[in-house]
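A.B. asks: Below you'll find the structure I mean.
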Amino acid sequence: MRKVRVLGAGAALVAATVLVLGPSGAVGTPDVPTNGGDPDGYVVGQSPYSTVYEPPPGVIAGNPSVDTFDEVDQAGLPRKRAQLFWGSNEDVASAASVASMVNSYDGGHTFPSGVNQTAGAGWFTKLRDGSILGVEFIPDSVIDEHSLKLVTRRSTDGGKTYRRELATFTTDKTLDPTKFDRGIRVHRDLFYAKDGSLLLTYYTRYPGDPLFRSELARSTDNGRTWTRFATIATQTDNRSMGETGVARAANGDLVAVHRTALGASSTTDWLYTNRSGDDGRTWTTPKPVEVTTATGEARPPTGIMPVLRLLPNGIMTMTWGRPDNWIAISPDGLGARWEQAQLTYVNYPRVNQAFQRSHGSSGNGAHAAVGSNRVLVVGDNCAPSWGCPETDAGFHTDGNYRVWKKFVDVVGPGTGKIDLLGKHIKKKVAVQTTMDARAPRLPEMSPLGAVDGSTEWASAAVGRQRTGTYTVTLDRTYSLTKAGLSLRPGEPAEATIEASVDGTTWRPVVTTGEITTYALRYYDVARVPAKYVRVTVTDRQAAYLNELELYSSVDSFENDPVGQVPRGYTNVIGAEVSDFDVDDSRHIMRLVDAWTDKTGRADRVTPAKPKQDWEFRVNSVGYARNFGFTVLGEQGQPAYQLRVGADGALARYDTVARVWQPLTPANAAPQRKWHTIKVVATLEHAEVFLNGQSVGTVAPSTPGSTGLGGHSFTTTSAASQYDHFLIDDVEQDNPA
Ligand SMILES: [Ca+2]
Ligand SMILES: [Ca+2]
Ligand SMILES: [Ca+2]
């Protein structure tokens, strides 16, 4: 679902009131003064949910899962394919699995592929030979007391078609099919060990086990045969350990989170966690997962289906459910503690809630990275079979089967991320590199693999020699504030980053020394001017740049959650970060005014200083209206109140005479075009520039200001409405 849009001429009035989506945790355009998140902190911003699939009456759709894979489009540009499946079978042990799969080729926005009911279901990963391997939850059959047949799915055409194969699993323990149907349940992560073998998690109950245990199987032949490798967790604190989610942490540890059930009664209990520092051989003693919530309320008492992901930006995410559907983050990427836990979806029957609190949504679901700072979350509205019986009533949503998805943006410190890929697509940023090796079956391995927002293994620029260079020509000179680097995942390598304004003289800004990265690692840069950035990578094998991010002092809105108030802005009415009507990047700030009694505005308040330089880009796309841009005084007063008028003239307001004084003729800044505006202000006067040309020097709008304390964007007035402006690349500096 799109945010409310205030449309232009001829469109009916659409009031941009707050979209209260209740339990989904997302709101739309703010109509009461609202502050954005901390620009230097870790922020989780949810989008509203939408329906992926709604079955016909009487057909089940629930227990969805999602995985994402890097690929390229017909133009060779990187894209994320999101592969989503759900179950349509009854939730009883005897039911055969009936699964439906759909694909998105635009990072989870649309699922145009049609429903494939032959691809099967399971836990999928991309192998390093370019094929995609999935292993199903329930084995095909037991061979003998030490071996069984797993159902696997393999695609060699990028997930278009899957071939069903049976793989052999062997254990040195004893399988007892009378205690555990078909030996094991595969659940739910399939990933590479550091030595290049594949690991797979499953749970089972061997003879002598009072309760379920969770284990790892290992394959060294691309998933054709598997052998028991290690135990992750046996029964602990009288709790079974199963349904384990595993992710590799930012320091290379493996982190596991388990669904647990208490004793003989097998009552679902709270999630437990443990970790391995030796790639899965040995594990710490499981203990309850530590999580704090965004609201400060207690965490939920129980949980199932933990799914953990290390995002490219180094933050780890976890989703789980029952009751409801949840997400939390581990900002340091270690997965040791979780914070900002929040609901993503709620549907249970209010009428019977005293004893049917876990009815409605099953709480089963998953999430996967679709960008450096974004995950796609999926879940269901009703658990198959038992979630929404006709005898329940008062559901938050309704009692129908439905598969939903939503985006959750998870951002770390810094709002100045330069959209290298977006600007490259618009031919504003160029890449030159010696790391241009290609692998026919891994099209994402290419020079653009280093800026595609993915830290999957093959999503990289790869060289042929041990040392390679990767030079980015930016669209302007930036003051670099931070750089993020991911080198060959899991292997030691080193890199230097140099900056240049002329392409001739280079200045080193980052020297990593030998590091081993599993996601982006960030390095602060002390505002070094850069039009050119050169990364030199030295690897023990071939130079390998998995991902590069650059940050500058220009607020780009690229590292801000979409649909939320821009981070760092306060007192906001009508402004949010948006991903459409963009120019040469993928995020902008949208400022609208749908109210006859309010003025749209967004303030950035900074410590009062005697000087302020301020530059931004703006476009007016609605009715012709006045776009206000104001240098705030020390008390928030309009020290310099300026505007691009509805007639396209820049003007300055005199707060004493109460008149607008034009600085340019009409149409100097016409509508529906991007313009760059710059203000160089002191306490005495301010020079105003339009698209690089000075249009005049003005006296303060409010005489007597003793400091310049930030900036403000505004719409025409309280009475006026239909204002619609786009803002990007805001840079404010207070020179000495
Ligand atoms: Ca990449
Ligand atoms: Ca932008
Ligand atoms: Ca208004």
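Since every read-out is calculated from the coordinates, none of them should be taken as a lab result. What you are looking at is a predicted structure, and each value in this text was computed from that prediction instead of being measured. Positions of Cβ are generated from backbone atoms using ideal geometry, with glycine treated the same way; all protein chains shown enter the neighbour counts.
A.B. asks: Where does each of 247-260, 367-380, 667-680 land if you order them by average Cβ count within 10 Å, highest first?
C.D. replies: Numbers: 247-260: 23.5, 367-380: 26.4, 667-680: 17.1.
The packing order, highest mean first, is 367-380, 247-260, 667-680.
A.B. asks: If you stretched the chain out fully between ARG350 and GLN432, how much longer would it get, using 0.36 nm times the residue separation minus the C-alpha to C-alpha distance?
C.D. replies: On the way: separation 82, 0.36 × 82 = 29.52 nm, distance 5.93 nm.
Extra length from ARG350 to GLN432 when fully extended: 23.6 nm.
A.B. asks: Tell me which of TRP226, GLY280, HIS187 sits at the most positive position along the dipole axis of the chain, charges placed on C-beta atoms (Lys, Arg +1; Asp, Glu -1).
C.D. replies: Result: TRP226, furthest along the dipole toward the positive end.
A.B. asks: If you don't mind, another one. If you place +1 on the Cβ of every Lys and Arg, -1 on the Cβ of every Asp and Glu, and leave all else neutral, what size is the dipole of the stretch 570-733 about its Cα centre, to the nearest 20 Debye? Please report the intermediate quantities before stating the final value.
C.D. replies: Numbers: 15 positive and 20 negative charges, 65 e Å.
With Lys and Arg at +1 and Asp and Glu at -1, about 320 debye.
A.B. asks: Do the alpha carbons of any pairs in LYS179/LYS406; LYS160/LYS428; LYS417/LYS609; LYS80/LYS427; LYS428/LYS609; LYS160/LYS427 sit beyond 28 Å of each other, and which pairs?
C.D. replies: Working: LYS179/LYS406 39 Å; LYS160/LYS428 34 Å; LYS417/LYS609 26 Å; LYS80/LYS427 21 Å; LYS428/LYS609 34 Å; LYS160/LYS427 31 Å.
From the list (LYS179/LYS406; LYS160/LYS428; LYS417/LYS609; LYS80/LYS427; LYS428/LYS609; LYS160/LYS427), the Cα-Cα distance tops 28 Å for LYS179/LYS406; LYS160/LYS428; LYS428/LYS609; LYS160/LYS427.
A.B. asks: Another question about this same structure. Report the Cα centroid-to-centroid distance between the stretch 699-736 and the stretch 112-174 in angstrom, as an integer.
C.D. replies: Centre-to-centre distance over Cα atoms comes out at 58 Å.
A.B. asks: Spelling out what I want: for every residue of the stretch 511-523, take phi, set θ = phi - 60°, compute 6.51 cos²θ - 1.76 cosθ + 1.60 (Karplus), and round to whole Hz; glycine and proline get x.
C.D. replies: 10, 7, x, 6, 9, 10, 10, 10, 6, 5, 10, 9, 10
A.B. asks: Continuing with the same structure: Using R₀ = 30 Å, calculate the FRET efficiency as 1/(1 + (r/R₀)^6) where r is the Cβ-Cβ separation of THR282 and THR511; round to 0.05. Display every interim value, and only then the final one.
C.D. replies: Working: r = 35 Å, r/R0 = 1.17.
For R0 = 30 Å, the calculated efficiency reads 0.30.
A.B. asks: Related question: Just subtract the alpha-carbon distance of ASP237 and ASP172 from 0.36 nm times their residue separation and send over the number in nm, one decimal.
C.D. replies: 20.8 nm
A.B. asks: May I pose another question? What is the list of residues in the stretch 343-383 whose amide nitrogen lies under 15 Å from a point 7 angstrom out from the Cα of LEU77, following Cα to Cβ?
C.D. replies: Nothing falls inside the zone, counting backbone N under 15 Å.
A.B. asks: Starting at the first residue of the stretch 120-127, write each ³J(HN,Hα) from the Karplus equation 6.51 cos²θ - 1.76 cosθ + 1.60 with θ = phi - 60°, in whole Hz, x for Gly and Pro.
C.D. replies: With coefficients 6.51, -1.76 and 1.60, one gets x, 9, x, 10, 10, 8, 8, 7 Hz.
A.B. asks: What's the FRET efficiency of GLN661 with ASP597 using the Cβ-Cβ distance as r and R₀ = 25 Å, to the nearest 0.05? Write down the numbers at each step before the final one.
C.D. replies: On the way: r = 28 Å, r/R0 = 1.12.
Calculated value: 0.35.
A.B. asks: How large is ³J(HN,Hα) for each residue in the stretch 729-736, as worked out from phi by the Karplus curve 6.51 cos²θ - 1.76 cosθ + 1.60 (θ = phi - 60°), to whole Hz, x for Gly and Pro?
C.D. replies: Computed from phi, the couplings for the stretch 729-736 are 6, 8, 10, 10, 9, 10, x, 5 Hz.
A.B. asks: Length gain on complete extension for the stretch THR227 to THR473, per 0.36 nm per residue less the alpha carbon to alpha carbon distance? All intermediate terms of the calculation are to be shown ahead of the outcome.
C.D. replies: Values: separation 246, 0.36 × 246 = 88.56 nm, distance 4.93 nm.
Extra length from THR227 to THR473 when fully extended: 83.6 nm.
A.B. asks: Additional query: Run the simple label-point estimate for ALA298 and VAL32 please: 7 Å along Cα→C-beta, distance reported in nm.
C.D. replies: Computed distance between label sites ALA298 and VAL32 equals 2.9 nm.
A.B. asks: Cut-off under 15 Å on the C-alpha distance; same-chain residues fewer than 8 positions from LYS482 excluded. Which aspartates and glutamates are left, in chain and number order?
C.D. replies: ASP40, ASP419, GLU498, ASP524, GLU547, GLU549, ASP555, GLU558
A.B. asks: Students often check this: by mean Cβ neighbours within 10 Å, which of 211-220, 312-321 ranks highest, and how do the rest follow?
C.D. replies: Details: 211-220: 22.2, 312-321: 25.9.
Averaged packing, sorted descending, gives the order 312-321, 211-220.
A.B. asks: Using the Cα centre of the chain as the reference point, and only Cβ charges (+1 on K/R, -1 on D/E), how large is the resulting charge dipole? Debye, rounded to the nearest 20.
C.D. replies: Details: 75 positive and 80 negative charges, 144 e Å.
Approximately 700 debye in magnitude.
A.B. asks: Please list the non-local residues whose amide H lies under 5 Å from the amide H of GLY62, H modeled 1.01 Å from N, same-chain partners needing a gap of 5 or more.
C.D. replies: The answer is GLY87.
A.B. asks: Before rounding to the nearest 500, sum -39500 (n - 2.57) across all DSSP H runs of length at least 4 in the chain and divide by the residue total; then give [θ] at 222 nm in deg cm²/dmol.
C.D. replies: Mean residue ellipticity at 222 nm (helix-derived): -500 deg cm²/dmol.
A.B. asks: If you don't mind, there's one more thing I want to ask. DSSP loop (so not H, G, I, E, B), at most 16 other Cβ within 10 Å: list which chymotrypsin sites (Phe, Trp or Tyr not before Pro) in the stretch 367-409 pass both filters.
C.D. replies: Working: sites: TRP386, PHE395, TYR401, TRP404, PHE407; in loops: TRP386, TYR401.
Within the stretch 367-409, the qualifying chymotrypsin sites (Phe, Trp or Tyr not before Pro) (loop, at most 16 other Cβ atoms within 10 Å) are TRP386.
A.B. asks: When DSSP beta bridges are limited to those with both residues in the stretch 162-233, what percentage is antiparallel, rounded to the nearest 5?
C.D. replies: Values: 18 of 21 bridges.
The antiparallel fraction comes to roughly 85 percent.
A.B. asks: What are the residues whose amide H is under 5 Å from the amide H of GLY242, where those residues sit 5 or more places off or on another chain and H is modelled from the backbone?
C.D. replies: When sequence neighbours closer than 5 places are left aside, the close amide H contacts are ARG259.
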